Amino acid sequence: MTMLSPSLIYGLTGLLLFVMGLAGLLGCAELLRKILATNIMASGIFLFLITIAHGSGTLIDPVPQAMVLTGIVVSVSSTAVALALACHVQEAARRHDLLQKKRGTVRR
Amino acid sequence: MTKGPSKTASALKRQWPLALLLVLLFTALAWAYLAPGPAAVGLAAQVDASLTASGVSSRVTAVLLNFRAYDTLLECFVIFLGVMVVWSLRPTTVTAPRQPQAGAILSSLERLLVPLMVLVAGYLLWAGSNQAGGAFQAGAILGGAGVLLLLDSSPLLARLPKGGLVWGICLGPFYFLVVAVAAMLRGRHFLEYRAPEATLAIVTLEATAAFSIGLCLATLFAGRQPQGKSRGENSAHSPAWEEDS
Amino acid sequence: MNTFYVSLALILLLSVAAGLLRILRGPTAADRMMAAQLFGTCGVAILLLLARGFDALIVEDVALVFALLAALSTVAFVRRAWTGKITPKGRRHDHR
Amino acid sequence: MVVNAFDICLCLTLAWLAWQVLRSHDLFKAVVLFISFGMLMALSWVRLQAPDLALAEAAIGSGLTGALFLSALQRVTGNKRGERRLDRNEERHDKRA
C-alpha cells in the first residue's frame with residue numbers, strides 16, 4: 001500500500017463534501033434537508049481550508065484556523081435562524097391549510 | 001421511488017443532469033487543487049514574528065482578538081443579528097403539545113452537568129490565552145449549558161428577568177465597540193491595541209464575548225422572544241421561556 | 001508518535017463505523033439515537049488514544065468537552081423527539 | 001502506515017455519512033447521522049492539528065446542532081398525528097430506493 005499524504009486525503013474529502021452538500025441543496029425538496037446539506041457544504045469548505053493551512057509546511061498557519069473558528073460559530077447561529085424560519089414557514093402553511101379546510105375548499 | 005402523490009419527495013432523487021454537472025465541478029476543483037503550482041505561502045511566519053506584541057501567547061487567539069479583531073467584532077454582531085431575526089418572528093398559533101415535567105433523572109443530570117459545563121467553560125476561557133481554547137469554545141459550552149436548562153424546563157429560568165437577558169446579549173458586541181473606540185481615543189487606530197494593555201483588553205473581551213455568545217446560542221435555541229412577566233396567564237410564576245416552542 | 005495507541009484508535013474507529021449500520025437499519029428511533037451515543041463514547045476513547053499517540057495533551061481537553069456535550073443531543077431526543085406512549089400491553093410504543 | 005489507514009478510514013466514513021444524510025428517506029435518521037457526522041469532524045480536526053477547532057466542533061457539532069435539529073424536527077413533524085409512519089415501511093422504501 002502506498003502512502004497517501006494527509007493533505008491529499010483530507011483535501012479531496014473536503015471537496016467531495018462540498019460537492020455533495022451542493023447536490024443536496026439543489027436536489028432535495030424539504031427545507032430541513034436543505035439546511036442539513038448547507039451544513040455539510042460548510043463542513044467541506046472548512047475541511048479544505050484547514051487542510052491547506054496544515055499542508056503548507058512544518059509551520060501551521062493560524063489565520064485559516066481563526067477564520068474557520070469564526071465560520072463554525074457563525075454557521076451554527078445561521079443554522080438556528082434558518083431552522084426557525086423553516087419552522088415558521090411550515091406552521092404558517094399548515095395554518096393556511098386548516099383555514100382552507102374550514103372554508104370547505106381543500107387545497108391539493 | 002414510487003411514493004404516493006400526497007407525500008412530498010423527501011430524499012435526494014436521481015437527477016442525471018445535476019449529477020453530471022456536479023461530477024464535472026468536483027473534477028475541476030480536484031484538478032485545481034492537485035495541479036502543480038507554486039507552493040502556498042501561509043502567514044504563520046508573520047504571526048510568529050509579531051506574537052510578542054499581541055499580548056497573548058496563543059497564536060489562534062492572537063489572530064482572533066488582535067490581528068484580525070475586525071472579523072471577531074463582525075461575527076459577534078452577526079450572532080446578535082441572528083437573535084434579532086428570531087425574535088422578530090411572530091409566534092404562530094399552531095402550538096406543539098406541552099412537554100411533561102422533567103423527571104428525576106433529567107433534573108439530576110442537569111444539576112450535575114450544568115455546573116461542570118460552566119466550570120469547563122471558565123477553564124477554557126482562562127487557558128485560551130496560552131493554549132487552545134478561548135471565547136468561542138467557552139461560549140459554545142455555555143450555550144450548551146443554557147440549552148440543557150431550556151430542555152429540562154428548569155425552574156432556574158423562571159427567575160431570569162427579561163431585561164437582564166437583553167443586556168447580557170448586548171454586552172459582548174457593544175463592549176467590543178467600546179474597546180475599539182477607546183483605542184481611538186488613545187490616539188491609535190480603531191481596534192488597535194498593543195502589548196502592555198493588550199492582555200487586559202483581550203481577556204475582558206473574551207470573557208464578555210463568551211458570555212454573550214452563550215446567551216445568544218441558548219436564545220436561538222429557544223426560538224422566539226421570551227414572554228415577559230406581564231403576559232403570562234399566571235404571571236407570578238411565568239418563566240422567561242415557556243416550554244412549548 | 002506511538003503506533004500502538006494509534007492502531008487501537010483505528011480499531012475503535014472501525015467499530016464506530018460498524019455501529020453506523022445500526023443507525024441506518026435500527027428498527028426504532030431509540031436504537032438510532034443510542035448508536036449515535038455509542039459514537040460519542042467511542043469518540044472520547046479515540047480522542048484519548050490520539051492524545052497519547054501524538055503526545056498532544058490538549059486533545060484531552062477536547063475529549064472532556066466531547067464527553068460533556070454529547071449528552072445534550074440525547075436529552076434533546078428524549079425531551080423533544082421521543083413522545084412514546086405506553087400501550088395497554090405495557091410496552092413503550094415507539095414513535096416519534 | 002497506521003496513521004494513513006486511520007485517515008483514509010475517517011475520510012471514507014465522513015463521505016459515506018454525508019451521502020446517507022442526503023439520501024435517507026426518514027428525516028430523523030438524517031438528523032442522527034448528521035450528529036455522528038459532527039462528531040467525526042471533531043476527530044478530523046484533531047488529526048489536522050487544529051485543537052481550537054476540535055474544541056469548538058466537539059461543543060457545537062455533537063451537542064448544539066443536534067439539539068437544534070431535533071427540536072426543529074419536532075416542530076415540523078411533531079403535531080401531524082395522522083402521518084405517523086412505522087419504521088418497517090420506511091425500511092422497505094430504503095431497500096427499493
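The values are calculated or read from the model by the stated rules, or taken from the named source; none is laboratory data. The model shown is predicted, which means the values in this text are computed figures rather than measured ones. A quick note on method: Cβ atoms are made from the backbone with ideal geometry, for glycine too, and the neighbour counts reach across all protein chains shown. Accessible surface is based on the protein model in full, side chains and every heavy atom, while ligands, DNA and RNA are left aside. Shrake-Rupley method; radii C 1.70, N 1.55, O 1.52, S 1.80 Å.
Here the convex hull built on the C-alpha positions of chain A has a volume of 100 cubic angstrom per residue. Placing pseudo-labels 7 Å out from each Cα toward the beta carbon at residue B:184 and residue B:88 gives an inter-label distance of 2.5 nm.
Per residue of C:47-56, what is the mean number of Cβ atoms on other protein chains within 10 angstrom of that residue's Cβ? Display every interim value, and only then the final one.
On the way: counts 5, 0, 0, 6, 2, 0, 3, 4, 0, 4.
Mean shielding count: 2.
Couplings for region B:59-70, taken from phi via the Karplus curve 6.51 cos²θ - 1.76 cosθ + 1.60 with θ = phi - 60°, read 5, 5, 5, 4, 5, 5, 10, 10, 5, 10, 5, 3 Hz in order; Gly and Pro are left as x. For region B:122-181 and region A:24-49, what is the separation of their C-alpha centers, rounded to whole Å? The distance from the Cα centre of region B:122-181 to that of region A:24-49 comes to 28 Å. In region A:19-45, burial by the other protein chains removes 50 Å² or more of 1.4 Å probe accessible surface, compared with the chain on its own, from A:19, A:20, A:27, A:30, A:32, A:33, A:36, A:40. Summed over both chains, the contact between D and C buries some 3900 Å² of accessible surface at a probe radius of 1.4 Å. Residue C:60 exposes around 60 Å² of accessible area when a 1.4 Å probe is run over every protein chain in place. In this simple spin-label model, placing a label point 7 Å from the Cα along the Cα-to-Cβ direction at both residue C:3 and residue B:50 gives a separation of 4.5 nm. Working from label points 7 Å from Cα in the Cα-to-Cβ sense, the residue B:126 to residue A:5 distance is 4.2 nm. Hydrodynamic analysis of region C:3-93 uses the Kirkwood radius over alpha carbon pairs. Inserted into Stokes-Einstein at 25 °C and 0.890 mPa s, it gives a translational diffusion coefficient of 166 µm²/s. The order of the peptides C:8-16, A:70-78 by mean Cβ neighbours within 10 Å, most packed first, is A:70-78, C:8-16.
Counting only protein chains, not ligands or nucleic acids, how are B:84, B:117, B:184 ordered by accessible area (probe 1.4 Å), most first?
Numbers: B:84 75, B:117 0, B:184 100 Å².
My answer, sorted largest first, is B:184, B:84, B:117.
Highest mean first, how do B:25-36, C:35-46 rank when packing is the count of other Cβ atoms within 10 Å averaged over residues?
Details: B:25-36: 12.4, C:35-46: 21.8.
Highest mean packing first, the order is C:35-46, B:25-36.
Eigenvalues of the alpha-carbon gyration tensor of region A:61-107, scaled by 5 and square-rooted, set the equivalent ellipsoid semi-axes at 43, 6, 4 angstrom, largest first. Computed from backbone phi, the HN-Hα couplings of region D:36-41 come to 5, 4, x, 5, 5, 4 Hz, rounded to whole numbers (Karplus: 6.51 cos²θ - 1.76 cosθ + 1.60, θ = phi - 60°; Gly and Pro given as x). Inter-chain Cβ neighbour count for B:103-109, averaged per residue, equals 1 (cutoff 10 Å, partner chain atoms only).
Just checking the output field for B:141-154: average partner chain Cβ neighbours within 10 Å of each residue's Cβ?
Details: counts 10, 1, 11, 11, 4, 1, 11, 9, 0, 4, 10, 2, 1, 0.
What the average comes to for B:141-154 is 5.
Only helical DSSP H runs with n ≥ 4 go in: add -39500 (n - 2.57) per run for chain A, normalise by residue count and round the 222 nm mean residue ellipticity to 500 deg cm²/dmol.
Values: 3 runs with 89 residues, N = 108.
Using -39500 (n - 2.57) per qualifying helix, the result is -29500 deg cm²/dmol.
Computed from phi, the 3J(HN,Hα) profile of region B:119-133 under the Karplus parametrisation 6.51, -1.76, 1.60 (θ = phi - 60°) reads 4, 5, 4, x, 5, 5, 5, 5, 7, x, 7, 10, 8, 5, x Hz, with x in place of Gly and Pro.
Largest accessible area first, the listed residues D:24, B:88 line up as B:88, D:24 when surface is computed with a 1.4 Å probe on the assembled protein chains.
How high is the FRET efficiency from residue B:192 to residue A:103, r the C-beta distance, R0 60 Å, rounded to 0.05? Provide the component values of the computation, followed by the final result.
Working: r = 64 Å, r/R0 = 1.06.
Efficiency at R0 = 60 Å is approximately 0.40.
Does anything in region B:55-88 have its amide N under 18 Å from the 7 Å Cα→Cβ label point of residue B:43, and if so which residues? B:55-76, by backbone N distance to the label point.
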